[in-house]
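The values are calculated or read from the model by the stated rules, or taken from the named source; none is laboratory data. Note that the coordinates shown come from a computational prediction; the quantities given were computed from them, not determined experimentally. Cβ coordinates were reconstructed from backbone atoms using ideal geometry, including for glycine residues, and neighbour counts include every protein chain displayed. Remember, those area values only see protein heavy atoms, side chains included, never the ligands or the DNA or RNA. Shrake-Rupley method; radii C 1.70, N 1.55, O 1.52, S 1.80 Å.
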Amino acid sequence: MWLIRELGTNFLRISHYPQDDAILEQCNRLRIIAWEEIPVVNYIAPNEEFTRNCETLLREMIRQHYNHPSVLMWGYMNEIMLGTLKKEKEPGYEPLKKETARLTQRLEEIVHEEDPYRVSVTAQHENIPAYEDTGLSAIPDVLGWNLYQGWYGGRVTDFGKFMNEQHRLHPERSHIISEYGAGSDIRIHSLQPECFDFSIEYQQYYTEEMLRQINERPYIAGASMWNFIDFGSALREESMPHINNKGIVYADRRPKDIYYYYQAIWASQPVLHIASRDWQHRTGIRPLNREDRAEQPVKIYSNLPEAELWLNGVSLGHKPLVNGHAVWQVPFREGDNTLIARGVTAEGEKAEDVLRVAMHWQPSDLTVPIADLDLGINVGSTAYFTDAHSGFTWVPDKPYEAGSWGYTGGEIYRSNPSRLGIQAEVTGTENQPLFQTLRSGIREYRFDVPQGRYEVELLFADPREKTALLYDLGGAVNRQADKGRVFGVTLNGEPVLDKLDLHREYGSLFAVTRRYIVKSEGDEGIRVGFHPVQGETILNGIRIRALH
């Protein structure tokens with residue numbers, strides 16, 4: 001609760017059920033406004049027992065917590081049509097819809113019977129017809145929106161358009177954003193972040209854009225991100241199975257870098273934070289032209305007018321802070337680098353932040369002998385992935401260039417057009433993200449290495465997913481009939497895998513690793529060929545190590 005207050009925030013949605021009095025007591029002491037709610041989530045049971053239980057829950061919550069001055073809103077439903085639409089088809093849908101509307105009206109009446117002074121609130125998801133056709137949107141005093149444009153699908157900029165249209169249609173309604181958020185996994189970083197890639201960088205972009213749009217709309221009364229802390233969620237199968245990682249602090253309460261963005265926007269005290277604590281041990285790829293400078297971006301979160309960034313004692317210049325942040329392109333050297341951020345508050349007080357960043361550059365040019373070459377590629381992905389146990393980083397995929405390395409043929413596999421890879425748990429590994437992305441229809445992977453002996457490691461996982469989960473607000477996942485895939489693999493023309501059938505041999509969503517020793521002779525380098533027998537070839541990851 002202190003971490004929440006130190007953000008500079010004044011609002012907490014206590015979801016999805018009443019919690020210990022200690023939470024509300026802290027809200028009282030820390031001057032945090034609270035929305036509290038009962039656990040009526042996703043769908044109802046259309047019977048008297050369920051109705052009586054809901055009424056009892058609501059009355060007990062209000063009576064037990066009535067005297068907490070921090071409580072402003074009593075909530076009694078969350079995304080009630082999400083599960084109703086997915087679980088109930090005709091002819092049962094219409095009776096369930098009517099019963100849902102009846103229960104909503106009854107709970108609304110109870111709120112005002114028990115407490116005529118506070119307001120009622122419900123949270124609904126983006127499916128407008130499901131709530132408008134039942135009349136649910138017009139019932140509570142305040143309408144909460146759980147909106148994830150730019151996460152479960154679409155673009156984050158669609159949020160503002162959506163809310164503008166709702167305000168135009170219903171200018172009399174009181175709107176609050178009850179949920180928004182994007183997942184992040186400290187093992188995943190991207191210089192080209194995209195929707196649902198779980199990179200630290202996409203969560204930052206998404207949050208910066210969402211908060212900007214919310215602040216620009218005075219008709220939005222307030223907002224709460226989902227969620228403050230990474231937490232267990234049994235049904236989830238994403239980059240960290242059974243974890244919802246949309247938090248702005250980790251499960252052990254360590255703040256993520258994005259925590260300091262909120263501070264930069266909301267806090268009254270000076271904030272100056274080099275936003276690379278989540279990526280303090282970096283890996284990058286040097287350009288093929290070795291005369292080019294190899295750089296990576298570094299972001300600063302601050303509420304100061306401007307900031308200056310220094311690298312190893314050399315100033316990289318001043319930049320103004322816009323929407324709480326600024327970005328520098330930083331030419332890191334191999335090994336340890338010292339970053340210093342400096343600024344001055346409007347009152348003339350000096351502020352400083354210091355961070356040491358370790359950088360390891362991987363080569364694009366392989367024509368020069370590299371004795372300790374150890375290069376892993378996160379195939380079918382634009383992200384860096386770091387093994388939490390070994391510390392080894394797999395770099396983003398790229399097309400082949402002469403003198404370098406990369407793929408020929410195929411395309412990035414997407415479970416739907418807006419999502420990279422698959423979002424289902426891959427068993428047999430703790431490095432799920434590495435096996436959740438892949439290139440489909442790949443013809444060859446090449447490494448233009450000098451003569452020598454190398455170990456080549458190939459990573460595979462059959463990507464067939466199971467049924468869509470209830471929490472998935474994106475909906476249209478690619479689950480068309482899959483006829484399977486059988487293919488062969490060659491190393492420098494020599495067969496090493498003949499008619500590999502991942503699904504038959506291992507089942508779907510199981511991590512498979514194969515390793516081979518291969519010689520590079522003359523100027524042939526290493527060529528890994530993929531030859532379809534049935535369906536398309538796939539590759540999830542590839543690693544090459546020089547042997548002595």
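List of remarks:
- Looking only at residues of segment 40-56 that are surrounded by 19 or more Cβ atoms within 10 Å (Cβ to Cβ) and hydrophobic (A, V, I, L, M, F, W, C), we find that the one that is nearest to the chain's Cα centre (by Cα) is V40.
- Set side by side, the residues G335, G376 differ, and just one is surrounded by fewer than 12 Cβ atoms within 10 Å (Cβ to Cβ), more than 25 Å from I258 (Cβ to Cβ) and of a type in the set (G, A, S), which is G335.
- Cβ-Cβ under 6 Å pairs, at least 6 apart or on other chains, segment 319-332 side under 9 Å from K299 (Cα atoms), far side hydrophobic (A, V, I, L, M, F, W, C) and surrounded by 15 or more Cβ atoms within 10 Å (Cβ to Cβ): A326/I300; W328/V298; W328/L309; W328/L316
- Among the candidates Q19, Q64, the residue that is modelled with pLDDT of 95 or more and either open to solvent by 40 Å² or more (accessible area, probe 1.4 Å) or in contact with a helix residue (DSSP H, G or I) (Cβ under 7 Å, 6 or more places away or on another chain) (or both) is uniquely Q64.
- Scanning segment 296-318 for residues that are hydrophobic (A, V, I, L, M, F, W, C) and surrounded by fewer than 18 Cβ atoms within 10 Å (Cβ to Cβ) gives W310, V314, L316.
- Pairs, first farther than 17 Å from L107 by Cβ in segment 59-76, second assigned to a strand (DSSP E or B) and modelled with pLDDT of 95 or more, C-beta under 6 Å, six or more apart: S70/A34; L72/I33
- Criterion violated by R293 - all others in (1) open to solvent by less than 10 Å² (accessible area, probe 1.4 Å); (2) farther than 21 Å from T207 by Cα satisfied: (1)
- Residues that are charged (D, E, K, R), over 19 Å from Y76 (Cβ atoms) and not in a helix (DSSP H, G or I) within segment 1-53 comprise D20, R31, listed in sequence order.
- Breaking point among (1) at pLDDT 95 or above; (2) under 35 Å from the mean Cα position of the chain (by Cα), for S508: (1)
- Of all residues in segment 148-189, those being in a loop (DSSP other than H, G, I, E, B) and open to solvent by less than 30 Å² (accessible area, probe 1.4 Å) number 11.
- Residue selected from segment 191-210 under the condition in a helix (DSSP H, G or I) and touching a strand residue (DSSP E or B) at 6+ places or on another chain (Cβ under 6 Å), by the criterion nearest to G324 (Cα to Cα): E201
- Subset tally (residues that are charged (D, E, K, R), loosely packed, with under 13 Cβ neighbours inside 10 Å and assigned to a strand (DSSP E or B)) for segment 510-534: 1
- Positions within segment 492-509 being open to solvent by 70 Å² or more (accessible area, probe 1.4 Å) and either more than 9 Å from F460 (Cβ to Cβ) or assigned to a loop (DSSP other than H, G, I, E, B) (or both), in sequence order: E494, P495, D498, K499, H503, R504, E505
Residues checked against (1) touching a helix residue (DSSP H, G or I) at 6+ places or on another chain (Cβ under 9 Å); (2) open to solvent by 70 Å² or more (accessible area, probe 1.4 Å); (3) outside any loop (DSSP other than H, G, I, E, B):
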| position | (1), (2), (3) |
| --- | --- |
| M73 | no, no, yes |
| A101 | yes, no, yes |
| Y117 | no, yes, no |
| S120 | yes, no, yes |
| T134 | yes, no, no |
| S137 | yes, no, yes |
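- Residue list for segment 233-242, restricted to those being closer than 23 Å to D257 by Cβ and either among the charged types (D, E, K, R) or surrounded by fewer than 20 Cβ atoms within 10 Å (Cβ to Cβ) (or both): S233, R236, E238
- Selection of segment 379-397 for residues being open to solvent by 30 Å² or more (accessible area, probe 1.4 Å) and either in a strand (DSSP E or B) or free of Cβ contacts under 8 Å to residues at least 12 places away in the same chain (or both) yields T386, S390.
- Failed condition for M210, given (1) open to solvent by 10 Å² or more (accessible area, probe 1.4 Å); (2) modelled with pLDDT of 95 or more; (3) within 13 Å of R155 (Cα to Cα); (4) of a type outside the set (S, T, Y): (1)
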